[in-house]
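Notes for the one structure printed next.
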Amino acid sequence: MPSTPSTATQSDLSSGRDTTRHDVIVVGARCAGAATALLLARAGLRVLVLERASHGSDTGSTLALMRAGVLQLSRWGVLDAIIAAGTPPVTTTVFRYGDDAVTVPIRPTTAVPALFAPRRTLLDGVLADAASAAGAQVRFGVTVTAVVHDPTGRVVGVSAHDERGRLFDARAPIVVGADGRTSLVARQVGAPDTARYPHAASYMYGLWSDLEVEGYEWCYRPGAAAGLIPTNDGQVAVFAATTPRRFRRDIRPDLHAGYRRLLDEVAPDLADRFAVGHPPERLRSFPGFGGHLRQAWGPGWALAGDAGYFKDPITAHGMSDALRDAELLAEAVVGRLSGDLDDSDARTAYEGERDRLSRGLLATTDTIASFHWDVPELQVLLRRLSDDMRPEVDALSARAPGVPQHPAA
Ligand SMILES: Cc1cc2nc3c(=O)[nH]c(=O)nc-3n(C[C@H](O)[C@H](O)[C@H](O)COP(=O)(O)OP(=O)(O)OC[C@H]3O[C@@H](n4cnc5c(N)ncnc54)[C@H](O)[C@@H]3O)c2cc1C
């Protein structure tokens, strides 16, 4: 438990200065930010989390957690809340390559009884609630507008405003940017890309009702892909993906028609099911962006989740990796604040392990997102992807849950 509860009061904030002492400020409260805050608070640190969206709000995603992500939720004791909310267990993955289908059962373990694809309204809310319960101060409706540096260039806090436009500054020795792919924190600290991955796919996706689904179902044909992912309330997230060029030219002018055309093309075997199901009223799209690894640690700052590491969603692994990195980062933060690590050690420990576990996944994801494959080549890529995932599951399974206590806690 934290040594001192963090309780910035409204009057503190309205004076323009949050006078409460924080050890860490986390910007963003979804998979990366809420999970990092949860672990830091459990380690005994005083954590302030600032999130511009509201609690339990939705965000664009096709929701599929892979084994590493479910493992993290289980190790931290929050998987039960996801299961209790009625999230359906996924016990099978079906790969549809052209006209062939291969069904692969999910191997159940004590920690990972099945895979799960919770709505983000549920997952991000459960993580934020767990962070609050551990003692973090989680504030929604707060937009961080700038990172504050001291005269040496070290990050010492943030400037922000709440929903009513009231400005305030908050100070902490470490600011974590868990603020997504377009991270303000990454931009303001000038975090350089350390690797870039050029390929990207474009997506259309939405939630179906009354759609029969066997588990995670991934469908591939040259130039297109689709996925069916069962989530809460009997709904199924269904995405269709293609090249950005084709998306711009053929799909975007009429998104709903283009989505149905792509689904019929890539998953003709599922036409009967799509005819019975109720398609989404709201269809989202994502034009696609290349992947990156960014420098993830510097003087007074660190990056978690998509802010420091983004890859195309075609392999549905961003949330799982964000949950993985939350723990790697929290451990480095505790080491830095306890004086066991300097900034260089902390960067090596966190960024080094993140990159070791990410490079294979990133490279394989990039090749799949390029659509430069035929079906036999894709099958090789998917086997490689399965090999890429193993080291992170092994590395997480070998760790004690959570991170060590801060010595002052
Ligand atoms: C189309 C699509 C489909 C996807 N499907 C999957 C999938 O099936 N499985 C999977 O694992 N991953 C998937 N992903 C990837 C996944 O959504 C991301 O990897 C994941 O959301 C990253 O979590 P995060 O916490 O790092 O960032 P985000 O989820 O982007 O959260 C960042 C948060 O920071 C907040 N924020 C930003 N700026 C500020 C600021 N200045 N002040 C305060 N708050 C701020 C935002 O409001 C946001 O809530 C998909 C992505 C896309 C685009």
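The values are calculated or read from the model by the stated rules, or taken from the named source; none is laboratory data. Model, not experiment: these values are computed from the prediction. Neighbour counts run over all protein chains shown; Cβ positions are idealised from the backbone, glycine included. Surface accessibility is based on the protein's heavy atoms, side chains included, excluding ligands, DNA and RNA. Shrake-Rupley method; radii C 1.70, N 1.55, O 1.52, S 1.80 Å.
Using only the Cα atoms of the chain, build the gyration tensor, take square roots of its eigenvalues as a ≥ b ≥ c, and label the shape rounded, prolate or oblate: rounded if a/c is under 1.5, else prolate if a/b is larger than b/c, else oblate. The shape class here is prolate. If the chain linking residue 256 and residue 159 were pulled fully straight, counting 0.36 nm for each residue of separation and taking away their Cα-Cα distance, it would gain 30.8 nm.
The relative contact order of the chain comes to 22 percent, based on Cα pairs under 8 Å that sit 6 or more residues apart.
The orientation-averaged projection of the convex hull spanning the C-alpha atoms of the range 155-303 amounts to 12.3 square nanometres.
When you count the other C-beta atoms within 10 angstrom of each residue and take the mean per peptide, 271-278, 238-245 line up highest first as 238-245, 271-278. When both bridge partners sit in the chain, DSSP labels roughly 70% of those beta bridges antiparallel. Binning every alpha carbon pair distance of the range 279-409 at 5 Å from zero, what are the percents per bin? Bin by bin from 0 Å, the calculated values are 2, 9, 18, 19, 17, 13, 9, 6, 4, 2, 1, 0. Calculated accessible area for the chain comes out at 39 Å² per residue, all protein chains present (probe 1.4 Å; ligands, DNA, RNA ignored). Among the protein heavy atoms of the chain, carbon and sulfur supply 51% of the accessible surface, probe 1.4 Å, non-protein parts ignored. For the range 75-101 and the range 25-45, what is the centre-to-centre distance using only Cα atoms, to the nearest Å? Rounded to whole Å, the Cα centres lie 25 Å apart.
The base-10 log of I(q)/I(0) for the range 18-97, evaluated at q = 0.11, 0.14, 0.23, 0.25 Å⁻¹, reads -0.41, -0.62, -1.27, -1.36 [Debye formula, identical scatterers on Cα atoms, solvent excluded].
Multiplying the residue separation of residue 21 and residue 272 by 0.36 nm and removing their Cα-Cα distance gives an extension gain of 84.4 nm.
Under the membrane-span-like helix rule (DSSP H runs whose alpha carbons stretch at least 15 Å along the helix axis, mean Kyte-Doolittle hydropathy 1.0 or higher), the chain yields 31-42. Placing a pseudo-label 7 Å from each Cα along the Cα-to-Cβ vector at residue 146 and residue 133 gives an inter-label distance of 3.9 nm.
State the dimensionless ratio Rg/Rh of the range 278-342 (Rg: radius of gyration of Cα atoms; Rh: Kirkwood radius). Spell out each step's value before the answer.
Numbers: Rg = 16.2 Å, Rh = 14.0 Å.
My calculation puts Rg/Rh at 1.15.
Cβ-Cβ distance of residue 100 and residue 57, R₀ of 35 Å, FRET efficiency by 1/(1 + (r/R0)^6): the value works out to about 0.30.
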